[in-house]
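The values are calculated or read from the model by the stated rules, or taken from the named source; none is laboratory data. All of these numbers come straight from a predicted model, not from anything done at the bench. Cβ sites come from the backbone with ideal geometry, for glycine too, and all protein chains shown count toward neighbours. We work out accessible area using only protein heavy atoms, side chains counted, and drop any ligands, DNA or RNA first. Shrake-Rupley method; radii C 1.70, N 1.55, O 1.52, S 1.80 Å.
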Amino acid sequence: MIRPQRFQYLLAALLVTMAVGVQAQTYPNRPVTFVVPFAPGGLSDVPARVLAAEMQERIGQSIVVENKPGASGVTGATAVLRAEPDGYTLLVNALADVQNLHYLPVPYDAVKDFGLIGQITDGPPLVLIVNAALPYKSVAELIADAKANPSKISFGTSGPATSPAIAVTQLNTLAGTRIVDVPYRGSGAAAVAVVTGEIQGAFVFYSNARPLSDDGKVRALAVASPQRMTSWPDIPTMAELGFPGFDHRGFVGLAAPGKTPAPIIAFLNQHLNAAINSATFRQRMEPLGMVIPTDNTPERFADFMRRENARQAELAKLSGHAPLK
């Protein structure tokens with residue numbers, strides 16, 4: 001005999017399971033929103049919009065891209081965290097979501113508190129550039145001058161706790177230099193400052209560095225990725241120049257609020273992969289220095305996020321930041 005209280009519990013659990021199953025079977029039956037927690041036109045926004053255009057044809061519903069910038073991405077991510085876990089409000093997450101955990105008081109865990117769907121792109125990497133009029137033809141020459149003349153060389157960054165600033169800190173630590181960090185409003189603005197001579201160099205993203213290098217306005221000395229870029233094979237990596245572990249690449253992914261039903265996560269992952277492997281999506285991402293991830297399952301994306309979280313904690317220590325709890 002099943003006790004009445006136990007029976008009521010089992011009945012409630014069964015009804016919830018049935019409701020979730022029906023919800024997953026009818027999903028989606030209205031427009032889906034991609035929340036980009038940064039301003040339009042950025043390295044998260046562009047892939048999100050291309051993905052939305054490709055993916056909505058496959059799921060049979062419109063996908064709206066909504067920008068919610070603020071607090072280095074925390075504002076938009078928090079809005080998604082508090083949304084209904086029904087698959088209709090999704091987060092376009094990025095490297096900043098992991099970096100924030102070690103520099104800012106963030107009201108969530110970027111790995112545990114979201115239903116991770118899959119990665120959209122890997123990259124772009126940072127590129128070390130200097131003003132083309134300067135004599136530095138290699139990273140070794142740049143470092144030699146920086147050591148001989150402490151605090152003479154200034155690099156532009158995107159502000160504290162961003163990849164360019166972390167890269168400058170890591171270079172100073174590994175090379176024993178005192179390159180000065182000058183904050184700008186983004187990687188693009190820092191690249192322009194290198195061109196005008198306001199600063200000597202910067203770590204900027206590939207999409208900012210490549211056009212200026214091709215025009216002869218800056219000189220690219222190295223890329224911050226594990227391997228050389230197939231689209232730029234002449235530029236060495238920082239690792240091969242004697243700086244192991246110097247890996248600063250962005251990424252863009254897709255996540256849902258926690259407790260989103262597994263069938264909905266699987267549905268979105270399936271159609272995300274179909275979209276990012278389309279010829280159109282690949283052609284749009286290649287000029288930005290972004291590549292398409294492989295073996296792109298929710299589990300693989302969660303594992304990637306956990307590893308990146310641990311790596312960013314170690315990089316934070318170089319900046320004198322104890323990982324926040």
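At a glance:
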| quantity | calculated |
| --- | --- |
| Rg followed by Dmax, in Å, when the chain is reduced to its Cα trace | 22.1, 87 |
| Relative contact order computed over the chain (Cα-Cα under 8 Å; 6+ residues apart), in percent | 25 |
| Sites D234 and R178 - FRET efficiency at Förster radius 35 Å, r taken between beta-carbons, to 0.05 | 0.75 |
| Per-residue [θ]222 nm for the chain (sum of -39500 (n - 2.57) over DSSP H runs n ≥ 4, rounded to 500) | -13000 deg cm²/dmol |
| Fully extended contour minus Cα-Cα distance, from E84 to V64, at 0.36 nm per residue | 5.5 nm |
| The chain: Lys pairs at Cα distance under 30 angstrom, eight or more positions apart or on different chains | 16 |
| Dipole moment magnitude, nearest 20 debye, the stretch 212-325 about Cα centre, only Lys, Arg, Asp, Glu C-beta charged | 360 |
| Segment Q25-E141, extension gain: residue separation times 0.36 nm, minus the distance between their alpha carbons | 35.6 nm |
| Relative contact order (%) - criterion: Cα under 8 Å, at least six apart; region: the stretch 115-223 | 41 |
| Carbon plus sulfur fraction of accessible area for the stretch 233-307, probe 1.4 Å, in percent | 54 |
| Extreme residue, positive dipole direction of the chain, given options N100, Y206, L174 (C-beta unit charges) | N100 |
| V111, V195, ranked by accessible area, largest first (probe 1.4 Å) | V195, V111 |
| Only Lys, Arg (+1) and Asp, Glu (-1) charged, at Cβ; the chain dipole about Cα centre in debye | 540 |
